[in-house]
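Data block below; observations after.
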Amino acid sequence: MRTRTGGDPGPLAPVLPLVAGAAISLLVALIVGLAVSWGPLPGGSGARQSPGASEERPDGRPEGRSEGEGPPLPSPAGTPAPIDPPGYSPVTPVIDGSFADPTVIKVGDRYFAYGTNNASATMPVATAPSPTGPWKVSPGDGLARLPAWADEGRTWAPEVVPPRAGSGSYVLYFSARRRGGDEQCIGVATSSSPAGPFVPVEGRPLVCPLNLGGAIDPASYIEADGTRYLLYKSDARKTAAIYLVRLAPDGLALAGPAKLIMARRADEPVLVEAPDLVRRGGGYVLLYSSGWYFEPNYQTRYAVAPSIEGPYRKAAAPLQSTGAYRTRVEGPGSADVLSDENGDYLVFHGILGYHGGSRVTRGMYVARLGWDGARPAVRGVPARFEAERGRLNGCVSALGRRNASGGRSVGPFVQDGCRVDVPVFAPSAGRYSVATRYAAPPGSGSTLELWVNRTATTSLRLPATARGGWASATADLDLAAGWNTLSLQRLDGQGEIDYLELR
C-alpha cells in the first residue's frame, strides 16, 4: 500500500544497537582477514579477491561520496530487483497520455493510479499488476460528481488513502475550483472500492484559505500511532508555501490549525507545490515541486527535518530536473512515493507535449527509489561520482586539472597495481551502465581492470585521447541496492580517471 505512516523501511544501520554493531564489525573483520590470508581464488578473473579487500574504513562506510551530498551513510544492499514488463524504462512513460499529478496505491495484488482531470474524466483511474505496468486506464470516472461548492474543469492532484487496518472507506482528497470564484479549495470524498466511484462529502470544503488564494495539492501522512495529517500548497503565486494540518481520526475533518512548514527559497524557480511526506533515515523527508508545471524547468526537490513540523533543511540540488535527465524526461515533478514489498518507487509526471501557453500533456512515470539514510536517489537519473573522492592506493594520486569535473582527476596509472576504489550508490539492485570519463596518452591508450564489490568483472579499454582531451568508456555492470565499490586497476598503458557516472 502507499506509505503514509511513520514506518521506516529505509536503512536500518543507523538504529542498530551498539552491541549488534560491535558483533557485526568483529565478524566482518574476521571474514576480511580470512579472505586476505587465502589470497586470489582459482577459476579465472570472476572469482578473484578484489584489490584493497583489507582496506575498509573502521566504520564500514565507503571512502567516497556522491557529488555535493556529504559523507555516505550506511545503507542496505541486496534489495531484490523487480520483474519489469518488456519495454519498461524509468525514463519512458508508463501512461503515455494525459495523466498528471499521479498517485498510486496497492490493494491486494493490484495497483491503482489516480490523476488530474483530463478530457475523459474528472478523476481518471488506471490499474496495473505491478508499479512498472503494464498500466491500463479504466473507462468511466473515479469521482461520482463534484460537491455543490465546486465547479467543473479544474479537479487537480488527487490523493487516495486506503482504509486503516483493512476496514472502513477509501478516502479521496482533491482540489477543485470554488463555485462563484476563481480560487481552488480542497474537498474530501469516500468510496468502498479503490476503483470508485468516490462520493464527495457535502457542505464546506475541507481546506479553503481564501486569504492565501486557496489551496491545492493535498497529500496525506499518517504517523505510526495513527495520527493523520494533510499537507497542501497555498495557491497565491507570491506567497505559495507548504502547509501542514492535523486531521480527525477518520480523515474527514480538520483537528487543529494549519502550520506553514516550508516556503520558497530565493534560488528556486517561481514557487513550491506538490508536497509528499515520508519518514526515512530517522527523519521526515518532504518531496516537493518547484517551477511552472508547463515549463521545462519544473523539477522535484526535497527537504529533511527532525520533526514533522520542521524545521525543514532543503537539499542544495534538485532530485529530478530536465537537465538531470539529460532531457530524456522534461519537467519531472508532482512526485509521489509508493511502497510495497519490493521497496520504494517514485511516481511522477513529465511533459509529453506542448500546446501553447500553460497547455501541456503530462504522462505518468515510475522509477525505483533508493535511500542513503534520508537522501533519496532515483533510478534513471544519471549520478556522477568523482574519482578523486575515492580511495587511492598510493600508486595514483589526485591531480589538479582545470578541464576536469571538479577540477581534479586521478592518475596516472603508470605501473601494475595502481588503482582507485570509487564508492557509487545504486537506487536499486540491477544492471547499470557505468561511464568512465578518462584521458589516455596519444598513441598508446590504456586498459584497466574493473572490479565490482571485490570481484573482477571486466576489462575497460581506454583508447588514446587528444592531448588535454577527455573521452568516455562504458561498461554494463550488475550492482546491489545501496553503496557499491567500483575498483579500477591498471593492466597496461597509462591514463587518468575523471569520474564514474551511473546511468
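The values are calculated or read from the model by the stated rules, or taken from the named source; none is laboratory data. In this text the structure is predicted, and so the values were computed from the model without any measurement. Here the Cβ positions follow ideal geometry from the backbone for every residue, glycine too, while neighbour counts run over all protein chains shown.
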Report task. Kindly indicate the residue of segment 421-432 that is surrounded by 20 or more Cβ atoms within 10 Å (Cβ to Cβ) and not hydroxyl-bearing (Ser, Thr, Tyr) and also farthest from the chain's Cα centre (by Cα) among those meeting that condition. Result -> ASP421
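Every residue, every condition in (1) in contact with a helix residue (DSSP H, G or I) (Cβ under 8 Å, 6 or more places away or on another chain); (2) surrounded by 14 or more Cβ atoms within 10 Å (Cβ to Cβ); (3) over 16 Å from GLN184 (Cα atoms), yes or no:
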| site | (1), (2), (3) |
| --- | --- |
| LEU231 | no, yes, no |
| ALA236 | yes, yes, no |
| ILE242 | no, yes, no |
| VAL245 | no, yes, yes |
| ALA253 | no, no, yes |
| PRO257 | no, no, yes |
| LEU260 | no, yes, yes |
| VAL270 | no, yes, yes |
| GLU273 | no, yes, no |
Query raised in the report: Of the numbered conditions (1) touching a residue at least 40 places away in the same chain (Cβ under 8 Å); (2) within 27 Å of GLN184 (Cβ to Cβ); (3) buried (at least 20 other Cβ atoms within 10 Å of the Cβ), PRO131 satisfies every one except a single condition; which is it?
Result: (2)
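Here's the yes/no breakdown for (1) in contact with a helix residue (DSSP H, G or I) (Cβ under 6 Å, 6 or more places away or on another chain); (2) in contact (Cβ under 8 Å) with a residue 40 or more places away in the chain; (3) surrounded by fewer than 23 Cβ atoms within 10 Å (Cβ to Cβ); (4) not assigned by TED's automatic domain parsing to the domain that holds GLY468:
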{"position": "VAL304", "(1), (2), (3), (4)": "no, yes, yes, yes"}
{"position": "TYR325", "(1), (2), (3), (4)": "no, yes, yes, yes"}
{"position": "ARG328", "(1), (2), (3), (4)": "no, yes, yes, yes"}
{"position": "PRO332", "(1), (2), (3), (4)": "no, no, no, yes"}
{"position": "ALA335", "(1), (2), (3), (4)": "no, yes, no, yes"}
{"position": "ASN342", "(1), (2), (3), (4)": "no, yes, yes, yes"}
{"position": "VAL366", "(1), (2), (3), (4)": "no, yes, no, yes"}
{"position": "TRP371", "(1), (2), (3), (4)": "no, yes, no, yes"}
{"position": "ALA387", "(1), (2), (3), (4)": "no, yes, no, no"}
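Does LEU399 qualify as being in contact with an Asp or Glu (Cβ under 7 Å, 6 or more places away or on another chain), modelled with pLDDT under 95 and either in the same structural domain as ARG280 (by TED's automatic domain parsing) or surrounded by fewer than 24 Cβ atoms within 10 Å (Cβ to Cβ) (or both)?
On the way: in contact with an Asp or Glu (Cβ under 7 Å, 6 or more places away or on another chain): yes; modelled with pLDDT under 95: yes; either in the same structural domain as ARG280 (by TED's automatic domain parsing) or surrounded by fewer than 24 Cβ atoms within 10 Å (Cβ to Cβ) (or both): yes.
When the stated conditions are applied, LEU399 passes them.
Answer with yes or no whether ASP250 is free of Cβ contacts under 8 Å to residues at least 24 places away in the same chain, out of contact with any Pro (no Cβ under 7 Å at 6 or more places or on another chain) and part of a loop (DSSP other than H, G, I, E, B).
On the way: free of Cβ contacts under 8 Å to residues at least 24 places away in the same chain: no; out of contact with any Pro (no Cβ under 7 Å at 6 or more places or on another chain): yes; part of a loop (DSSP other than H, G, I, E, B): yes.
Considered against the rule, which asks whether it is free of Cβ contacts under 8 Å to residues at least 24 places away in the same chain, out of contact with any Pro (no Cβ under 7 Å at 6 or more places or on another chain) and part of a loop (DSSP other than H, G, I, E, B), ASP250 comes out as no.
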Requested in this report: Please give the strands (runs of 3 or more DSSP E) falling wholly within segment 112-215 in which 1 or more residues are within 30 Å of TYR88 (Cα to Cα).
Outcome: 125-128, 150-161, 170-178
Query raised in the report: Looking at ALA464, ALA435, which one is in a strand (DSSP E or B), in the same structural domain as ALA398 (by TED's automatic domain parsing) and surrounded by fewer than 24 Cβ atoms within 10 Å (Cβ to Cβ)?
Result: ALA435
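Starting from residues that are part of a strand (DSSP E or B) and out of contact with any Asp or Glu (no Cβ under 6 Å at 6 or more places or on another chain), keep the ones in segment 438-455 and report whichever is farthest from GLY343 (Cα to Cα). Full working, then the answer.
First, pick out the residues of segment 438-455 that are part of a strand (DSSP E or B): 438-439, 446-452, 455.
If we keep only those that are out of contact with any Asp or Glu (no Cβ under 6 Å at 6 or more places or on another chain) as well, we get 438, 446, 448-452, 455.
On the way: TYR438: 35, SER446: 40, LEU448: 35, GLU449: 33, LEU450: 29, TRP451: 27, VAL452: 23, THR455: 26 Å.
This residue is SER446.
In this structure, is VAL410 modelled with pLDDT of 95 or more, within 22 Å of ARG461 (Cα to Cα) and buried (at least 22 other Cβ atoms within 10 Å of the Cβ)?
Numbers: modelled with pLDDT of 95 or more: yes; within 22 Å of ARG461 (Cα to Cα): yes; buried (at least 22 other Cβ atoms within 10 Å of the Cβ): yes.
Criteria met by VAL410.
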Report task. Among the numbered conditions (1) modelled with pLDDT under 95; (2) outside the structural domain of SER321 (by TED's automatic domain parsing), tell me where GLU152 comes up short. Result -> (2)
Query raised in the report: Residue check, LEU500 against (1) in contact with a strand residue (DSSP E or B) (Cβ under 9 Å, 6 or more places away or on another chain); (2) in a loop (DSSP other than H, G, I, E, B), all met but one. Which one?
Result: (2)
Query raised in the report: Could you list, in sequence order, the residues of segment 81-91 that are touching a strand residue (DSSP E or B) at 6+ places or on another chain (Cβ under 8 Å) and modelled with pLDDT of 95 or more?
Result: PRO90, VAL91
Report summary line: Of VAL104, VAL94, the only residue that is modelled with pLDDT of 95 or more, among the β-branched types (Val, Ile, Thr) and under 23 Å from ARG359 (Cβ atoms) is VAL94
Query - Members of segment 175-195 that are more than 20 Å from ALA236 (Cβ to Cβ) and surrounded by 20 or more Cβ atoms within 10 Å (Cβ to Cβ) - result: VAL188, ALA189, PRO194
Report task. Tell me which residues, restricted to segment 345-364, are surrounded by fewer than 24 Cβ atoms within 10 Å (Cβ to Cβ) and farther than 17 Å from ASP96 by Cα. Result -> GLY356, GLY357, SER358
Report summary line: Sole miss for ILE351 among (1) modelled with pLDDT under 95; (2) more than 15 Å from the chain's Cα centre (by Cα); (3) closer than 21 Å to ASP276 by Cα; (4) not hydroxyl-bearing (Ser, Thr, Tyr) is condition (1)
